[in-house]
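Q: Could you have a look at this structure, given as structure tokens, before my questions?
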Amino acid sequence: MKTTAWKSAAIWLLLFSAFTAFVVANKGWGVFLNYLLLGIPQGAIIAAIAVGYSMVYGIIQLINFAHGEVFMLSAYFLLMFLVPPESPSSVAPRIITAIVGLIVGGATYTVLGEGRSARLKFAVAGFVAVVAAALNFLLLPQWGGAAKIPFFAAYALAILYACCLGVTMDRLAYRPLRASPRLIPLITAIGLSLLLQNVAQVTWGSASRFFPANATPTLFTGKRIVLATIGNTNLEMSLLDAIIVVVAIASMAVLQTFVLRTRTGKAMRACAQDRMTASLMGIRVDSVVALAFAIGAGLAGLVAPLYVLRGTPLYPQMGYIVGILAFASAVLGGIGNLTGAMIGGMIIGIIYSFVPLFDAFDTSPVFALFEKWGWLTREGFQQFLAAFGRPSQYQLGVAYAFMILVIIFKPTGLLGKATAKRA
Amino acid sequence: MMKRLAKVAWYSLVSCTLFLLGGCGQQPTESGPQAERGAKEPISSPQPTQVVQKPILLAVAGPFTGDSSEFGVQIKMSVELAAEELNAKGGIGGRPIQLMLEDDAGNPAEAYNVATKIASNPNVLAVIGHFNSSCSLAAKSAYTEAKMVMFSPASTNVNVTKNSDYVFRNIFTDDFQGQSLASYAGEILGAKKVAILFDNDDYGRGLKESFKKKAETLGVTIVSETAYAKDTNDFRSQLTTLQGYQPDLLLVAGLYKHAAVIAKQARELGIKTPLIGGDGVFSEQFITLAGQAAEGTYVSCPFLFELGGERAKKFAEQFRAKYNREPDAWAALSYDAFQLIIKGIETNGPSREGIHRYLKAINSPATAYDGLTGKTFFDEEGDCRKPVQVAVVKGGRFTAAEKQLSIEEEASPAKGDDQTTK
């Protein structure tokens, strides 16, 4: 077991070194490291989302396709506190109120657990839902007004709502199907993903959005730090990117500690190994599943606003591409394995960022070398470009091709199966 | 028992929520039904009481709903304003103008249906529209068969006027726009190295190719060309690649949506290179989306009210007074299109053939029609050569750039390129 892991790690390291050598030979260290600095924050975000896929899969073997939509909605949850509705008769505040009531109520009901009377639980959940919806309505900016709560309070609320959404989603859509064949919840997940996209579109419209500049803390606006200078290339990273990397690494570390060191974490691992036996040992499997959904959604909610602040527009279909990249990462790392998801996310993020580098392949020394050897001609390359387009159009395709390659040679993913620790 | 109760409780919570949602959904929207009605029936403009003569029917076709409805509605409003103005003066020889408004929703299939409907009504003399190039291309055969003038105030695709004697436009073509942008970049902004990011569709590729061709004759080097697909929303790597060439200018041949993201991410990466774009970027949405990052972006556009004369200012005032919003360039172009058709009816009488004959005769600068948007005359294809105007984003809005292309400067080299323009 140990030896295979080492072997695969060695192979990947070797491949990566070869790639590094190739790029450095063409472009120099500065360019290589600059692309790496672009890829790392991207990878950190994808990794944080991939963990959500992997954790849920580890316990109930469900690929939660609606996870990308949780990511998208949590960015909108932050947006709704910052931006007033578009017109006085706008329907958005009412839909938002209904959503908040539903998810907070659903989460409360689930959190109250199995032991209590349903009537009591319903009464409490209903009360909490109404209070939360009313409070939320009061916190929303009025038409033409400014944000009523500071950015970070809104951010915290958005993460909380994301957790509630994850839990409610599980309680309403997946738990009733727990005993059905695996295909059925999978189809439900796809349906739920479409439903959430459409809810977002009805509420906030289909246009691309950013957070308003005047409501964004200066911490997150594009201040750039020069890390080092190599030759005449400055190694730069924006403060926001640095924050993303730190936040992602910290949250992953906390999560790992939680899963490996706490009793609840142990219960999660037990459920991942064998749900039936775990429940016989007195573990409340449903609560553990709900917790997995909450953690996954919370992580997505944590990184979603950062992703938008980084300059990627927010729109209802945005969860799809990010979600699919994260899903590919989870599979690449070995779905069900948390460390695998983190590593997979990083790899996919970095590959994704490196693809456009090859747009300028024809100006590189390696191209000249191939030309000298007669392997390539400039005309042929131009014809190829005209017919197939430039590499940067294939960013997603290359990331996928890489995932497929890994799966062909190691069907369980990089870290899959070999380790028993799934949670 | 408890379990069932819990279930009932859940369902009632869910249904309450759905009820709340449903209640929201039923809120009547003020504009919806009215717009619907407007699009379906011909509406008559207010008429002076003494008029009993049969009205003259003109059609307006464009996207009054759908993605590009923002532009389509402006066209409709502008033509309605013009018709009202004319009818208040007593119409043409006592006959008022009546408009037939048809919605193509920006959808080529729908545009063809609408065109068939308009062309088969013998009372309709000419049509102003369509907006989207794809719609104009789909619709033109129907009008051509019916020997009826189709006058587009907005479609810029090179092929729109080709193979048809009856299609006219008073806006530049994409080819000409690309050449003008290149002239502006090379001669006025003095750019030596230009990097290009282009949308990989007809519009983006066309604009890029014509820009490139012209730029090469001016000694401007294209240092990099990068295509992107419609669903791209991360341009950081592409921008890092092209930053390596240290270009003086970055051409975005695509739509405002992508241009805004590119602007934002470029500034975030610390790239200070100014952006330049075609009319696809000329949208208020570009500024809303990109915010501070939009500042200093050059955009070519068909018409700027700032550069227009007294009449354009007066039109803008009337438009604001009637609709409480700013007219856009296409509103002005539609107004001119309407006036040209009216002139045709006044000169040659109310017939399809008469309007066509009149527009065909406007074929040189000497016979040009001097409208809100400058002098309009057509070449044998029905294209019009009007100078491209350049706007720059300053203080959160589009303002006319300090230096504009002069007509001579543009016209002389453009003539050499006639082969490619048409």
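The values are calculated or read from the model by the stated rules, or taken from the named source; none is laboratory data. All figures in this text were calculated on a predicted structure; none of them were measured in a lab. Here the Cβ positions follow ideal geometry from the backbone for every residue, glycine too, while neighbour counts run over all protein chains shown.
Q: Counting just the residues of region A:166-184 that are touching a residue at least 12 places away in the same chain (Cβ under 8 Å), part of a helix (DSSP H, G or I) and over 22 Å from the mean Cα position of the chain (by Cα), which one comes out nearest to A:G301 (Cα to Cα)?
A: Ranking the candidates gives A:L172 first.
Q: Need a quick list: strands (runs of 3 or more DSSP E) entirely within region B:207-314 having at least 1 residues that are more than 13 Å from chain A (Cβ to nearest Cβ) and closer than 20 Å to B:T173 by Cβ.
A: Once the strands (runs of 3 or more DSSP E) in region B:207-314 are filtered for at least 1 residues that are more than 13 Å from chain A (Cβ to nearest Cβ) and closer than 20 Å to B:T173 by Cβ, what remains is B:249-253, B:275-277, B:298-301.
Q: Can you name the helices (runs of 4 or more DSSP H) wholly within region A:282-354 that have at least 2 residues being modelled with pLDDT under 90 and farther than 18 Å from A:I159 by Cα?
A: In region A:282-354, A:318-333, A:338-354 are the helices (runs of 4 or more DSSP H) which contain 2 or more residues that are modelled with pLDDT under 90 and farther than 18 Å from A:I159 by Cα.
Q: Another question, if that's okay. Across region A:273-306, which residue is surrounded by the most Cβ atoms within 10 Å (Cβ to Cβ) among those that are without any contact (Cβ under 8 Å) to a residue 12 or more places away in the chain and either within 30 Å of A:F210 (Cβ to Cβ) or not aliphatic (A, V, I, L, M) (or both)?
A: Taking the candidates together, the pick is A:S279.
Q: Run down A:A21, A:A50 and say which single residue is surrounded by fewer than 24 Cβ atoms within 10 Å (Cβ to Cβ) and either at pLDDT below 95 or under 10 Å from the mean Cα position of the chain (by Cα) (or both).
A: Selected residue: A:A21, the only one of A:A21, A:A50 that is surrounded by fewer than 24 Cβ atoms within 10 Å (Cβ to Cβ) and either at pLDDT below 95 or under 10 Å from the mean Cα position of the chain (by Cα) (or both).
Q: Taking helices (runs of 4 or more DSSP H) that do not extend beyond region A:185-281, which have at least 3 residues that are within 14 Å of chain B (Cβ to nearest Cβ)?
A: Answer list for region A:185-281: A:239-261.
Q: Another one. How many residues does region B:269-293 contain that are farther than 23 Å from B:K212 by Cβ, crowded, with 21+ Cβ neighbours inside 10 Å and not hydrophobic (A, V, I, L, M, F, W, C)?
A: Summing the residues that are farther than 23 Å from B:K212 by Cβ, crowded, with 21+ Cβ neighbours inside 10 Å and not hydrophobic (A, V, I, L, M, F, W, C) in region B:269-293 gives 1.
Q: Does any residue of region B:356-367 turn out to be at pLDDT 90 or above, among the aliphatic types (A, V, I, L, M) and in contact with a Leu (Cβ under 8 Å, 6 or more places away or on another chain)?
A: yes
Q: If you don't mind, there's one more thing I want to ask. Under the condition of being closer than 30 Å to A:R378 by Cα and under 15 Å from the mean Cα position of the chain (by Cα), which residue from region A:315-363 is surrounded by the fewest Cβ atoms within 10 Å (Cβ to Cβ)?
A: Looking at residues that are closer than 30 Å to A:R378 by Cα and under 15 Å from the mean Cα position of the chain (by Cα), I get A:I350.
Q: Exactly one condition in (1) over 22 Å from B:A260 (Cα atoms); (2) within 14 Å of another protein chain (Cβ to nearest Cβ); (3) not hydroxyl-bearing (S, T, Y) is not met by B:K192; state its number.
A: B:K192 satisfies all of (1) over 22 Å from B:A260 (Cα atoms); (2) within 14 Å of another protein chain (Cβ to nearest Cβ); (3) not hydroxyl-bearing (S, T, Y) except (2).
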